[in-house]
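Asks: Below is one structure. I have some questions about it.
The values are calculated or read from the model by the stated rules, or taken from the named source; none is laboratory data. Since this is a predicted model, take the numbers as computed values, not measurements. With ideal geometry, Cβ positions are generated from the backbone for all residues, glycine too; neighbour counts draw on all protein chains shown. These accessible areas exclude ligands, DNA and RNA; they are computed on the full protein's heavy atoms, side chains included. Shrake-Rupley method; radii C 1.70, N 1.55, O 1.52, S 1.80 Å.
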Amino acid sequence: MQPLMTKNFITLLFYFVFCLFTLSVTCQDSDLATDCTNRWIHIRRLPPQFNLDLLSNCSEYPLFDDFCPYLANYGLGKKTHSKSHSWYRTDPFMLELIFHRRMLEYPCLTSDPSLANAIYVPYYGGLDSLRFLYGPEVNSSYQHGLDLYEYLVHGDLPDVWSRHYGHDHFMVMARPAWDFSQPLNSNPLYFGTSFLELPEFYNVTALTLEGRAYPWQEQAIPYPTSFHPPNLAFFKSWVNRVRRSRRTALMLFAGGGGISANPNVRRSIRLECDDVTSLSANGTGYDKLCDFVDCSNGVCQHDPIRFMKPMLQASFCLQPPGDTPTRRSTFDGILAGCIPVFFEDLSAKKQYGWHLPEEKYEEFSVFISKEDVVFKGLSIVDVLTSIPRSQVRRMREKVLEMMPRVMYIKHGSSLGLRTKKDAFDIAVEGTLERIKSRLQEVAAQ
């Protein structure tokens, strides 16, 4: 009984501190010397049942996970070791909490919603979905979000919603959009909720970890990695380490799957990796052609030490699709200066246009069709060894340029580091532009 009491005490203490911080920040307008033209954001005050209360349920879904340990440091998780300054055991599903904490530092906040260019709704939709995905309301998943809509429309400030009927509202939902896309009339029900299928939310911009092939209201933003530097010195130190790292392996696959007999790209990768292990890498400039880190059963998810060192030692990181098109490993690899190899466009190119511009992909990544690998026997090693080493060096420099765009710096970071736009900054900028465009379209109708 004592460990449970300790866990609950820590959760409640975190909840209390976050509440105090939220109240202290959102009660006043920004007073920083920042040009806030067309950048004003109002944080919509929600009852705690839609965000902070959900944190106290962190151990109630054993089929999902006990996410209490990952609430530390406002969602960054615990440090990887006591002397770490930038590395944490971050769970990507805590992005709603991470984003909320960063929003409280946004320099262009206003307490007057009528002056805002956008309305941020601090709803922890991914955490709230757990009761429908793994909890007692699994058969009522079509109701996910209806209570939030009721509050936004009929709550304490209904005019905030009715001014643009949600076109100026945005929220973060820290799961792939597929998990919120169950058709309302689905029978039988399958995994997911129907939040993004509700007509009530069609006008709202949802920032998700992954988008669908033909998204309407969602936009994909990067998975959080474990790297959250607090100042410019620690960031530059890491970049220098990445640049100096000796790349002893041609390619690396860090992941699971690929063990079934059915043809799929992960199986082809693992078979090729096994086949080339015994081959000589002489003449390639590498000690070995392929390295493999087995991340089956989630063993790598909260342990960056397990995969970051191999990534630092590889030139190319293979990023095949899995249960969903994208992998958090894509962003881990970029932070390690490991050139991503994609096998379908939906893995990144068609999703993360704000953070990884589509026209830049040939400069920092390699594309190999999964159909060519699986059904035509195309050798990944042959493709990668055919790329001149001078081109590989240029691609790695482009990867390093992309690094700030896919990391979430630590809250309360130094002013020097804030001059570099990170994943949060780019997501907010993109959201403001998207909302501005939407409002112009509505006004022209």
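Asks: For the subset of the stretch 90-107 comprising residues that are touching a Leu at 6+ places or on another chain (Cβ under 8 Å) and assigned to a loop (DSSP other than H, G, I, E, B), which member is least open to solvent (accessible area, probe 1.4 Å)?
Replies: The qualifying residue least open to solvent (accessible area, probe 1.4 Å) is THR90.
Every residue, every condition in (1) in the same structural domain as LYS288 (by the TED database); (2) surrounded by fewer than 16 Cβ atoms within 10 Å (Cβ to Cβ), yes or no:
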site	(1), (2)
ILE334	yes, no
TRP354	yes, no
LEU384	yes, no
PRO388	yes, yes
VAL399	yes, no
GLY430	no, no
LYS436	no, yes
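Asks: Can you pull out the residues in the stretch 34-85 that are of a type in the set (Gly, Ala, Ser), touching a Ser or Thr at 6+ places or on another chain (Cβ under 8 Å) and surrounded by fewer than 18 Cβ atoms within 10 Å (Cβ to Cβ)?
Replies: SER56
Listed here are the residues, each with its yes/no results for (1) more than 19 Å from the chain's Cα centre (by Cα); (2) open to solvent by less than 20 Å² (accessible area, probe 1.4 Å).
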| residue | (1), (2) |
| --- | --- |
| PHE342 | no, yes |
| LYS360 | yes, no |
| PHE367 | yes, no |
| VAL374 | yes, no |
| TYR408 | no, yes |
| GLY412 | yes, no |
| ASP425 | no, no |
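Asks: Specify the residue that is surrounded by the fewest Cβ atoms within 10 Å (Cβ to Cβ); the eligible residues are those in the stretch 260-299 that are part of a loop (DSSP other than H, G, I, E, B) and in contact with a Ser or Thr (Cβ under 7 Å, 6 or more places away or on another chain).
Replies: ASP287
Asks: Same structure again: When you scan the stretch 108-203 for helices (runs of 4 or more DSSP H) that lie fully inside it, which ones turn up with 2 or more residues that are among the acidic types (Asp, Glu) and surrounded by fewer than 20 Cβ atoms within 10 Å (Cβ to Cβ)?
Replies: 146-154
Asks: Starting from the stretch 214-237, take each residue that is among the charged types (D, E, K, R) and list its partners that are at pLDDT 95 or above and open to solvent by 10 Å² or more (accessible area, probe 1.4 Å), counting only C-beta distances under 6 angstrom and pairs at least six apart or across chains.
Replies: From residues that are among the charged types (D, E, K, R), there are no pairs.
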